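Participant: Before I ask anything, here is the structure I am working with.
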Amino acid sequence: MASNIIVARGGVEYVPPVSLAFWRWLTVFLILLPFFFNEIEKKKKKIKSESFKLFILGFTGCGICGAFPFIAGMSTTMANMGIIYTSSPIFIIAISVLFFNDKINLARVIGLVLCLSGVLIIICKGDLTYLISFKFTSGDLWMLGAAIGWAIYSIYLINWKSEFSLMARFTLIAFFGAVSLFPFYIIEEIFFFDTNFNNSFTFWVLFAAISPGIIALLYILKFKICRRS
């Protein structure tokens, strides 16, 4: 997530937020497709049966969590984004309890509190007075939406079974994420910002696709699946 916040603050100076999210996930899909095309081709009939789930995962994991932080980065600080994003585990637990009858115990609560406390201390550099003077901006609301979106994505990623391997599924999620972003990308281009396809565009799209896109999310996906198994 740290590298994603870097992109959110730095990349939007050169590439409009929704455009950056759309081209990022389209690039992820195009990079991974040659490696997992054979599996996807063999199981193409499964795509239809899993299309709804793949779209929801793409919409939440790549659409909401892809575009919202970039929009937030236009009007809030990296510290604010980091603090708000730490609320994701809270939403994950709440949704799990409400919709999946997951049980919450004392050890889980203590672990959550310790985790959130540690992250907040790091972000505030030990100066907890920063939290007292914390002020919300419109960008913080976008970031809160991203945190909720990530919670929904994380839960359904684990609970929805798939016939595809981890990597092939991730490839398809990236594709459906780009599809979910496309209409908003067109709206942004027509009514808000024009995308300049230059060297800065290429750098930030590739950086977003490879670092917080492929590398970081693959570690997260593997961690979640290992926990589930």
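Every residue, every condition in (1) of a type in the set (A, V, I, L, M); (2) at positive phi; (3) touching a helix residue (DSSP H, G or I) at 6+ places or on another chain (Cβ under 6 Å); (4) touching a residue at least 40 places away in the same chain (Cβ under 8 Å), yes or no:
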{"position": "71", "(1), (2), (3), (4)": "yes, no, yes, yes"}
{"position": "75", "(1), (2), (3), (4)": "no, no, yes, yes"}
{"position": "78", "(1), (2), (3), (4)": "yes, no, yes, yes"}
{"position": "81", "(1), (2), (3), (4)": "yes, no, yes, yes"}
{"position": "85", "(1), (2), (3), (4)": "no, no, yes, yes"}
{"position": "93", "(1), (2), (3), (4)": "yes, no, no, no"}
{"position": "98", "(1), (2), (3), (4)": "yes, no, no, no"}
{"position": "103", "(1), (2), (3), (4)": "no, no, no, no"}
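Participant: I would also like to ask the following. Going through 91, 70 one at a time, which residue ends up being in a helix (DSSP H, G or I), at pLDDT 85 or above and not aliphatic (A, V, I, L, M)? Step through it out loud before you land on a result.
Facilitator: Details: 91 fails: at pLDDT 85 or above.
Step by step, each of 91, 70 is checked, and only 70 is in a helix (DSSP H, G or I), at pLDDT 85 or above and not aliphatic (A, V, I, L, M).
Participant: Name every residue in the range 72-83 that is surrounded by fewer than 24 Cβ atoms within 10 Å (Cβ to Cβ) and under 14 Å from the mean Cα position of the chain (by Cα), in order of residue number.
Facilitator: If the condition is that a residue be surrounded by fewer than 24 Cβ atoms within 10 Å (Cβ to Cβ) and under 14 Å from the mean Cα position of the chain (by Cα), then 82 is the only one that fits.
Participant: For the condition modelled with pLDDT of 75 or more and part of a helix (DSSP H, G or I), what is the one hit in 11, 111, 118? Before you say what the answer is, go through the steps one by one.
Facilitator: Values: 111 fails: modelled with pLDDT of 75 or more; 118 fails: modelled with pLDDT of 75 or more.
Exactly one of 11, 111, 118 is modelled with pLDDT of 75 or more and part of a helix (DSSP H, G or I), namely 11.
Participant: Now a separate question. Quick check on the range 183-206: of everything there that is surrounded by 15 or more Cβ atoms within 10 Å (Cβ to Cβ) and not polar (S, T, N, Q), which residue is farthest from the chain's Cα centre (by Cα)?
Facilitator: Top of the filtered list is 189.
Participant: Here is a follow-up. (1) touching a residue at least 60 places away in the same chain (Cβ under 8 Å); (2) farther than 22 Å from residue 13 by Cβ; (3) surrounded by fewer than 24 Cβ atoms within 10 Å (Cβ to Cβ); (4) not charged (D, E, K, R): which one isn't true of residue 38, the others all being true?
Facilitator: Result: residue 38 passes all but (1).
Participant: Just name the residue that is farthest from residue 150 (Cα to Cα) out of those in the range 84-116 that are among the polar types (S, T, N, Q) and surrounded by 12 or more Cβ atoms within 10 Å (Cβ to Cβ).
Facilitator: Among those that are among the polar types (S, T, N, Q) and surrounded by 12 or more Cβ atoms within 10 Å (Cβ to Cβ), it is 96.
Participant: Next question, about the same structure. Considering only residues that are charged (D, E, K, R) and under 22 Å from residue 24 (Cα atoms), which ones fall in the range 150-176? Steps first, answer last, please.
Facilitator: Of the residues in the range 150-176, the ones charged (D, E, K, R) are 161, 163, 169.
Once the filter is applied, which keeps residues that are charged (D, E, K, R) and under 22 Å from residue 24 (Cα atoms), the range 150-176 yields only 169.
Participant: Here is a follow-up. If you go through the range 180-217 one residue at a time, how many are of a type in the set (Asp, Glu) and in a loop (DSSP other than H, G, I, E, B)?
Facilitator: Total satisfying the criteria: 1.
The values are calculated or read from the model by the stated rules, or taken from the named source; none is laboratory data. On a predicted model such as this, the values are computed, not experimentally measured, just so you know. Virtual Cβ from ideal backbone geometry, glycine too; neighbours counted across all protein chains shown.
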